[in-house]
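In what follows, a structure is listed as structure tokens, so that the remarks can point back to it.
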Amino acid sequence: MKTKFKIAACVLAATAITAGLFSFRDNSPTDYSKIPVEGEIVAELTAPPLVPKPIGNRAATKLIVNMEIKEIEGEMVDGVKYTYWTFGGSVPGSFIRTRVGDEVEFHLKNHPDNKLPHNIDLHAVTGPGGGATSSLVAPGHEKVFNFKTLNPGLYVYHCATAPVGMHIANGMYGLILVEPEGGLPPVDREYYVMQGDFYTKGKYGEQGLQPFDMDKAVKEDADYVVFNGKVGSITGDNSLTAKVGETVRIYMGNGGPNLVSSFHVIGEIFDKVHIEGGDMINKNVQTTLIPAGGAAIVEFKVDVPGTFIIVDHSIFRAFNKGAIGMLKVEGPADKKIYSGTTQEGIYLAEGGTIQNMPKVKNEPKIVVAKTLPQQLKAGKELFGGTCFACHQSEGQGIPSVFPPLAKSDYLNADPKRAIDAVLHGLSGEVKVNGKKFNNVMTSQNLTDEEIANTLTYVYDSWGNNKTRVTSAMVKAQRANSTPQSGGSH
Amino acid sequence: MFAIPKAKIILLLFSLLVTTSILAQDTKMVLIKRGAYVPLYGTTDKKTVEVQGFNVDVYPVTNAQFIAFLKKNPEYSRSKIKGLFAEKSYLAHWESDFNYGKNNLSNAPVTNVSWFVAKKYCECQGKRLPTMDEWEYVAMADEKRIDARIKESFNHYILSWYEKPKTYANPVGGTFKNYWGVYDMHGLVWEWTSDFNSIFLSGESRKDKDTDKNLFCGSASINATDLMNYAAFMRYGFRASLKAKYTTRNLGFRCAKDLK
């Protein structure tokens, strides 16, 4: 009995050791606190969506980081100004790239025109406050502290000056990458994206300089959830780009302050995810969760051309609060991987009703007759906040998904029909400029005046027929029309 | 031939000196009556702090007033000041030692001054810097009430200042007149107090005392759930980041005086 038990125990132990060795094979037991550094270099810092050059196989070194804090006014979405507090002048702050074993000499500089003291807590730091206790710096001053990077991974940094929530909510966060020895495997494209939630006095899209709203922040009731500090920072002309066959790596962080991100790229599957920015790699992931104050490294090969939409799949944030980005992939199509539409027909069931947004009863506002330039300006801002996500910044739409508004025969043929579409939504097949579309547009919860301004702007842009839409026209349509389907004629 | 213009210049300079020094001495003060208040931070278990009656300047000290002081005390001018008492950015936005230049208004608050020099200035006027309790006591008043700290719009006003750039260039007296008749406690510049570093200064004090923990990091976010605290946090946080020789572009001062 006894011997049998002993043997069993031995076998068990041996298996455990082998298994252990096997699974931790990548976790080399090097004590990075002991490895020496060679030379000294000044760190390259980049604003999003760019990242500094990979560290490759350079030795650990003394790395000097010069980070300047600036309080600046920026634009959240067209016509909405916001005072951002930034590390390096951008939200998120400058990307810092180091390797494990580096000795970082961190210079934190607070611009003389700033009003407030700030500090920095880097999650890559082993030490009190992540550096925060050593870096509180008054405007017009500089603090220096040193740390050694002991753990490879992708880490968030942020300001930790009281009131911490407010400093983070105003944009004071960024990423620091600590590469393993020898560097991460090379890829074709690397990008830096970070999500953040913003709380403004006015609701989404309300014009003018919007102050931070502490009450909403405490209630976690965000007005904006955005990538890289503002709505549309990585859409349209600013989209991320790649070519068919390339591998894309996104260093994806979440500054918060409150919300956790359900990060997803529509039409792609992440081949690899460094979960929470650490060593563990998960494969074939659709959506990865990124905690506030956390990060992930995602990698995927792009196989077919097209525009891939980057979202927080907590989806109302994407379509109503700004959490939308784009990756434009160019190159030859591969019909085996994705064919496009091969057949289309009619199917009728009891469904097919038009989606309606819940309507909020607004106080009737006094309608002020606007001049054409005023209408156009207001319309452009509304377009940028409401319509562009589908119809795109130049009204070009997305082929076979969202119809174009530019030089649109459908639009120019009938303004009343256009008003109805905005009022009540539109679904079913429509033919625009000779191409068929079959999708659903939701009813837009806008006032008569807002609809008039938006449509006037659309009609005045991109080669349309300059129809001027008035509030009265919208009012009339609202009064006498019922929801219609697009293909009724 | 040269005598007349010279005399004229001297006369002119003299009269200028007289007027500016008159202006300097002419700084209006108002009486702050004795009272008590519960400061947001700096006391254990939220005890009431008594504030004795005192006089305080109606406005922060201006560029013009500060020049008059420097002319009497040239050892405090930009080129003469000892590094111990003010760092290099001392009056850095001025054109020269005794000239604030075209880009600064005569009646804008003087900023980029260190605590040492602010203290000296007040002493030369037979005054002193207000204590933090005195300053906070005066600053909690809005137009009508001695303590408006629970009023939402009052706190919004204070907080909105953080989002307005370059207010230091504005003339004094442009903000509201509070209950006591004092201007610019909020909305213009930060101000030195005599005991600005009495709490939350070093890393040590942050960790060692429970009361001070309120001001740091995690505990701050737990306790600061209302606007009133947020507005105050900013001031305490700012003061905590200072050293006596520091000067910053958004930091000025005003003087106070004991009652006789």
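Would you mind counting up the charge near B:Ile81? Only other residues with Cβ under 14 Å from its Cβ, with Lys and Arg at +1 and Asp and Glu at -1. Don't skip to the end; give the middle numbers.
Working: positive: B:Arg78, B:Lys80, B:Lys82, B:Lys88, B:Lys119, B:Lys120, B:Lys245; negative: B:Glu75, B:Glu87, B:Asp97.
In short, +4.
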Item to check | Selection from B:Asn107, B:Pro74, B:Tyr90, by position along the positive dipole direction of segment B:51-111 (Cβ) | outcome: B:Pro74
Checklist entry - For segment A:32-184, what is the charge dipole size about the Cα centre, in debye to the nearest 20, if Lys and Arg each add +1 at the Cβ and Asp and Glu each add -1 at the Cβ? => result 240 debye
Checklist entry - With the dipole of chain A worked out from charges on the C-beta (+1 for Lys and Arg, -1 for Asp and Glu) around the Cα centre, which of A:Gly88, A:Thr98, A:Asn238 lies farthest toward the positive end? => result A:Asn238
Next on the checklist: Probe of 1.4 angstrom, ligands and nucleic acids ignored: what's the accessible area per residue over chain A, in square angstrom?
Outcome noted: 48 Å²
Checklist outcome for this item: With +1 at each Lys and Arg Cβ and -1 at each Asp and Glu Cβ, the charge dipole magnitude of segment A:372-480 around its Cα centre, to the nearest 20 debye, comes out at 220 debye
Checklist entry - Do you know the relative contact order of chain A, to the nearest whole percent, from alpha carbon pairs under 8 angstrom that are 6+ apart? => result 10 percent
Checklist entry - How far, in degrees from 0 to 90, does helix A:471-480 lean away from the longest principal axis of the Cα atoms of chain A, to the nearest 10? => result 80 degrees
Item to check | Linear extension gain, B:Asn107 paired with B:Lys47, 0.36 nm per residue minus alpha-carbon span | outcome: 17.7 nm
Checklist entry - Where nothing but the Cβ of Lys and Arg (+1) and of Asp and Glu (-1) is charged, how large is the charge dipole of chain A around its Cα centre, in debye to the nearest 20? => result 780 debye
Next on the checklist: Run through segment A:168-257 and list the trypsin sites (Lys or Arg not before Pro) located in a DSSP loop whose Cβ has at most 14 other Cβ atoms within 10 Å.
Outcome noted: A:Lys203
Checklist entry - Between the helical axis of A:372-382 and the dominant principal axis of chain A, each derived from Cα atoms, what acute angle in degrees is found, rounded to the nearest 10? => result 40 degrees
Next on the checklist: Out of the chymotrypsin sites (Phe, Trp or Tyr not before Pro) in segment A:389-489, which ones are loop residues according to DSSP with at most 16 other C-beta atoms within 10 Å?
Outcome noted: A:Trp462
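Given the -39500 (n - 2.57) contribution per DSSP H run of 4+ residues, what per-residue ellipticity at 222 nm results for chain A, rounded to the nearest 500 deg cm²/dmol?
Working: 11 runs with 96 residues, N = 489.
So the calculated ellipticity at 222 nm is -5500 deg cm²/dmol.
Count charges around A:Gly434 for me, please; just the other residues with Cβ under 13 Å from its Cβ, Lys/Arg as +1, Asp/Glu as -1. It would help to have the intermediate numbers written out before the result.
Working: positive: A:Lys407, A:Lys431, A:Lys435, A:Lys436; negative: A:Asp409.
Around A:Gly434, the surrounding residues sum to +3.
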Checklist entry - How large is ³J(HN,Hα), in whole Hz, for each residue of segment A:435-442 in order, when computed from phi with the Karplus curve 6.51 cos²θ - 1.76 cosθ + 1.60 and θ = phi - 60°, using x for Gly and Pro? => result 10, 8, 10, 9, 8, 10, 9, 7
Next on the checklist: Before we go on, tell me the buried accessible area for the A/B pair, both chains summed, 1.4 Å probe, in Å² to the nearest 100.
Outcome noted: 2700 Å²
Checklist entry - What do you reckon, how do A:Ser261, A:Ser233 stack up by accessible area (1.4 Å probe), largest on top? => result A:Ser233, A:Ser261
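Run through segment A:286-346 and list the chymotrypsin sites (Phe, Trp or Tyr not before Pro) located in a DSSP loop whose Cβ has at most 16 other Cβ atoms within 10 Å.
Details: sites: A:Phe300, A:Phe308, A:Phe316, A:Phe319, A:Tyr338; in loops: A:Tyr338.
Loop-located and lightly packed - A:Tyr338.
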Item to check | B:Ser153/A:Lys335 FRET efficiency (R0 51 Å; Cβ-Cβ; nearest 0.05) | outcome: 0.20
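Multiply the residue gap between A:Lys407 and A:Lys283 by 0.36 nm, knock off their C-alpha separation, and tell me the result in nm, one decimal place.
Values: separation 124, 0.36 × 124 = 44.64 nm, distance 4.41 nm.
Extra length available between A:Lys407 and A:Lys283 comes to 40.2 nm.
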Checklist entry - What ³J(HN,Hα) values, in whole Hz, does the Karplus curve 6.51 cos²θ - 1.76 cosθ + 1.60 give for segment A:298-308 when θ = phi - 60°, with x put for Gly and Pro? => result 10, 9, 7, 8, 8, 9, 10, x, x, 9, 9
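Which whole number gives the average, over all residues in B:234-243, of C-beta atoms from other chains lying within 10 Å of the residue C-beta? It would help to have the intermediate numbers written out before the result.
On the way: counts 7, 0, 1, 9, 6, 2, 5, 12, 5, 2.
Taking the mean over all residues of the peptide, I get 5.
The values are calculated or read from the model by the stated rules, or taken from the named source; none is laboratory data. Quantities reported herein were computed from a predicted structural model and do not represent experimental measurements. Neighbour counts run over all protein chains shown; Cβ positions are idealised from the backbone, glycine included. Protein only, heavy atoms only, side chains kept; ligands, DNA and RNA dropped before computing areas. Shrake-Rupley method; radii C 1.70, N 1.55, O 1.52, S 1.80 Å.
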